[in-house]
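Structure first, then comments.
The values are calculated or read from the model by the stated rules, or taken from the named source; none is laboratory data. These numbers were taken from a predicted model, which means no experiment stands behind them. Neighbour counts are summed over all protein chains in view; Cβ atoms, including those assigned to glycine, are modelled from backbone coordinates with ideal geometry.
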Amino acid sequence: MLQLNRRGLLASLSMVGCSFGQTLFAQSRVDEKPDVGGVVRIQHEVFRPRDPRRWDWVQESNLCRGWLQYLIETDRDGNLSPSLLASWDASEDAQTYSLKIRPNVSWSNGETLSARHLLWLFAYWCDSTIPGNNMAIRLAGLIDAESGQLRDGAVKAISDLEVLVTLASPDVTFLYSLAEYSAAVIHPETDLDDILSTPIGTGAYRPLMFDGEHSFVVERNPELDYWGQRENDSRYGFLDRIEYIDLGPDPQDWNAELLAGNVDMLFQNSIDYSVRAHLQGFRTSTAQSASTVVARFNLKPDMPQFKDINLRKAINFAASNQVTFEIALDSHGLVGEDHHVCPIQADYVDVGPAYYDPEFAQSLVAQHGFADVANEIFVIDDQYTALTAEAIAAQVRDAGMNISVRRVPVAEYRRSWANYGFSLTEWNHRPLGIQNLRLAYHSKSAWNETGIADPQLDTLIDNAVRTSSPKVQAAYMGQIEQVLRNNFVIIQPYWRTLSRSYHSSINGAELHPSLELDVHRLRKS
């Protein structure tokens with residue numbers, strides 16, 4: 001029987017922004033004379049950030065958050081709050097949104113943020129002809145089907161500080177989409193081929209140095225009249241400089257540098273609890289998240305091997321998520337159910353555990369001759385994702401199948417992640433399960449790495465996005481979870497408990513379950 005828990009009921013009622021109609025927010029302020037200055041050094045992957053609407057890793061956004069900000073933010077509990085917006089109004093049917101811009105926000109080129117910039121921004125986000133533009137599926141209700149561009153009249157300027165957004169159909173995820181890490185607010189003059197060459201933004205910092213591999217540094221922009229400091233907002237921009245230092249994929253190296261005082265905080269802690277057990281004396285922030293890895297099959301036309309549902313089914317039934325969870329995460333987190341919706345997400349529906357029957361898997365292997373089929377899992381050569389792949393592969397071998405694991409360097413994997421036949425991909429936390437379902441499994445999404453194109457699934461996802469009724473949405477979500485599971489396109493073994501350790505002198509470094517770095521709230525005492 002499908003059930004929607006109390007948290008899901010309450011959250012479903014508030015998906016369009018805390019209440020229908022006008023939404024008001026308390027101003028978050030700091031002390032009258034806050035401590036300002038200092039340098040914070042962060043262990044963090046470093047690479048050249050691209051056109052923001054094409055970002056597919058949260059780390060890209062973190063490198064740019066010093067100067068690129070967002071219209072809306074989500075807090076650690078998934079609540080929405082305004083950033084470059086002052087407030088918003090939402091219609092009861094979640095189809096029309098009035099966005100009020102925070103007044104007197106300055107760009108680093110001296111302009112003032114206005115409705116004109118938002119009109120350009122929505123057009124930029126809605127250009128679905130751009131390969132890899134993952135904002136297009138999030139804002140599909142604004143896009144003209146024929147042109148692939150922003151629909152005429154979908155976004156209108158009401159005044160210099162207000163725009164009216166009218167979707168083609170209701171969308172309860174719309175405001176959450178504006179808080180996505182790919183939804184950075186950029187200026188129309190940004191060079192999309194090299195955003196570091198035109199770092200125009202509204203944030204307190206500006207890029208200072210990028211060495212191409214190991215170090216990325218931002219510094220306070222002394223030429224900017226930054227709104228957060230002028231308003232004494234908690235996003236004050238306290239530091240003189242932030243240094244991102246790439247220490248490679250080995251957690252032993254991260255911890256050694258933290259203990260030696262060469263970095264002040266970790267992006268995230270190692271999954272290996274024995275490795276990080278000696279980090280005593282440091283602050284540690286922890287969050288249960290909907291972050292996961294998905295072992296997915298690629299059903300695209302140029303990947304014929306996994307078109308056979310019986311092969312996918314045999315591999316699924318052979319692998320116990322409980323076993324993989326215990327091996328890869330040492331049971332820290334939650335066991336997955338092979339439908340990519342987490343129990344902590346507001347729209348989760350309990351449809352029971354994932355399939356697991358190794359004897360049935362063996363019968364499929366014998367019946368279809370799968371013992372002679374060579375399978376290979378591609379995975380980042382790191383720690384827990386590689387361990388996850390090895391755990392799945394070992395169980396698949398026990399069922400009589402031939403499978404190997406190929407570990408790929410991080411940079412290479414990130415260039416090719418959508419093109420492997422069978423691989424493990426990290427998926428980030430989002431407050432609502434339907435957000436990831438639309439991104440990962442809708443046939444029109446740039447991030448649909450499985451290649452699944454199921455009209456029934458597309459329709460169910462579209463319907464779940466359009467309804468704000470908790471009961472109706474629960475029915476759609478339960479069906480989506482079952483349809484996805486019964487297509488056998490993924491093994492989704494667990495949900496991660498995340499943590500971050502940092503020096504006791506650092507404030508504002510609490511871990512967000514999406515692994516976003518709130519650099520404007522970082523302080524050093």
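Selection within the stretch 432-484: residues that are of a type in the set (Ser, Thr, Tyr) and within 20 Å of the chain's Cα centre (by Cα). The member of this set that is surrounded by the most Cβ atoms within 10 Å (Cβ to Cβ) is 441. Helices (runs of 4 or more DSSP H) fully within the stretch 126-238 that include at least 1 residues being within 24 Å of the chain's Cα centre (by Cα) and surrounded by 20 or more Cβ atoms within 10 Å (Cβ to Cβ): 135-138, 174-177.
Filtered by the rule that a residue be in a strand (DSSP E or B), under 30 Å from residue 308 (Cα atoms) and among the aliphatic types (A, V, I, L, M), the stretch 471-513 gives 490, 491.
Of the residues 351, 410, which is β-branched (Val, Ile, Thr), in contact with a helix residue (DSSP H, G or I) (Cβ under 7 Å, 6 or more places away or on another chain) and either crowded, with 16+ Cβ neighbours inside 10 Å or in contact (Cβ under 8 Å) with a residue 12 or more places away in the chain (or both)? So the residue among 351, 410 that is β-branched (Val, Ile, Thr), in contact with a helix residue (DSSP H, G or I) (Cβ under 7 Å, 6 or more places away or on another chain) and either crowded, with 16+ Cβ neighbours inside 10 Å or in contact (Cβ under 8 Å) with a residue 12 or more places away in the chain (or both) is 351. Of all residue pairs spaced 6 or more apart or on separate chains, those with beta-carbon atoms under 7 Å, a first member in the stretch 48-61 that is surrounded by fewer than 22 Cβ atoms within 10 Å (Cβ to Cβ) and a second member that is assigned to a helix (DSSP H, G or I) and modelled with pLDDT under 95 are 57/414. Looking at the stretch 177-213 only, could you name the residues that are in contact (Cβ under 8 Å) with a residue 24 or more places away in the chain, over 16 Å from residue 106 (Cα atoms) and in contact with a strand residue (DSSP E or B) (Cβ under 7 Å, 6 or more places away or on another chain)? If the condition is that a residue be in contact (Cβ under 8 Å) with a residue 24 or more places away in the chain, over 16 Å from residue 106 (Cα atoms) and in contact with a strand residue (DSSP E or B) (Cβ under 7 Å, 6 or more places away or on another chain), then 178, 179, 196, 207, 208, 210 are the ones that fit. If you go through the stretch 219-240 and keep only what is hydroxyl-bearing (Ser, Thr, Tyr) and either under 17 Å from residue 507 (Cα atoms) or touching a Cys at 6+ places or on another chain (Cβ under 9 Å) (or both), you end up with 234, 236. The residues on offer are 29, 7, 41, and the sole one that is at pLDDT 70 or above and within 25 Å of the chain's Cα centre (by Cα) is 41.
Does the stretch 115-172 hold any residues that are farther than 24 Å from residue 100 by Cβ and charged (D, E, K, R), and which are they? Those that are farther than 24 Å from residue 100 by Cβ and charged (D, E, K, R): 127, 144, 146. Quick check on residue 321: is it within 18 Å of residue 400 (Cα to Cα), crowded, with 21+ Cβ neighbours inside 10 Å, under 26 Å from the mean Cα position of the chain (by Cα) and not aromatic (Phe, Trp, Tyr)? Spelling it out, it is not the case that residue 321 is within 18 Å of residue 400 (Cα to Cα), crowded, with 21+ Cβ neighbours inside 10 Å, under 26 Å from the mean Cα position of the chain (by Cα) and not aromatic (Phe, Trp, Tyr). Of 310, 298, 316, 262, all but one fail to be modelled with pLDDT of 95 or more, exposed (fewer than 15 other Cβ atoms within 10 Å of the Cβ) and closer than 20 Å to residue 393 by Cα; the exception is 310.
When residue 248 is tested against (1) assigned to a loop (DSSP other than H, G, I, E, B); (2) buried (at least 20 other Cβ atoms within 10 Å of the Cβ); (3) not β-branched (Val, Ile, Thr), exactly one condition is not met: (2).
Checked against (1) among the basic types (Lys, Arg); (2) touching an Asp or Glu at 6+ places or on another chain (Cβ under 6 Å); (3) in a helix (DSSP H, G or I), residue 41 meets all criteria but (3).
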